[in-house]
Amino acid sequence: MQCPDCAYEVNDTAIFCPRCRFQFRETDTPPVVPGTTIPDTPGHDAKSDESFFEETQKAFSGKELRMLEIQLLQPAILVVLVISLCMYTVISTVPFIPITVAGQNFGMTGIVCLAAGLVAGILFFVFARSSLRKFRYR
């Protein structure tokens, strides 16, 4: 038999042309590959398989969650920097008790601002990560 689309010589039992993928006839059932069929068991139907697949696909997988958490680190670091900078500009005029190390005076303002920014960044990351884990899509 010849393909009517590309005139390629095809076996008579073929459903598709191997060269141009022209479909010769309509099939009601998909082709069966040996070893891939699921045996019919009592109480087994295709509807329950589809609903199970839909239920498992409504949340992010573990790999997707890890990738999203890695992408969430950038905004968390940005929150740390912005909060630290804003606090430093506001409270930089407030004198704190300086710490003297080897004759050098170190102010505590920068350390306090950085600590507050780190706490805010960690809180942002934890809340955003928990909302990602709770996320369900339709």
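Figure the gain on full extension for Ser130 and Ala102 (residue separation times 0.36 nm, minus the Cα-Cα span) and round it to one decimal in nm.
On the way: separation 28, 0.36 × 28 = 10.08 nm, distance 4.49 nm.
Net length gain for the segment: 5.6 nm.
With each label point set 7 Å from Cα along the Cα-Cβ vector, what nm distance links Leu72 and Thr89?
Placing both labels 7 Å along Cα→Cβ, they lie 2.8 nm apart.
If I model a spin label at Leu118 and Phe24 as a point 7 Å from the Cα along the Cα→Cβ vector, what separation in nanometres do I get?
7.2 nm
Give me log10 I(q)/I(0) at q = 0.15, 0.17 Å⁻¹ for segment 62-134, Debye formula, one equal scatterer per alpha-carbon, no solvent.
Ignoring solvent entirely, the Cα scatterers give -0.60, -0.69.
Every number here is computed from the coordinates shown, using simple stated rules; none is lab data. Please read these numbers as outputs of a predicted model, since none were measured by experiment. Positions of Cβ are generated from backbone atoms using ideal geometry, with glycine treated the same way; all protein chains shown enter the neighbour counts.
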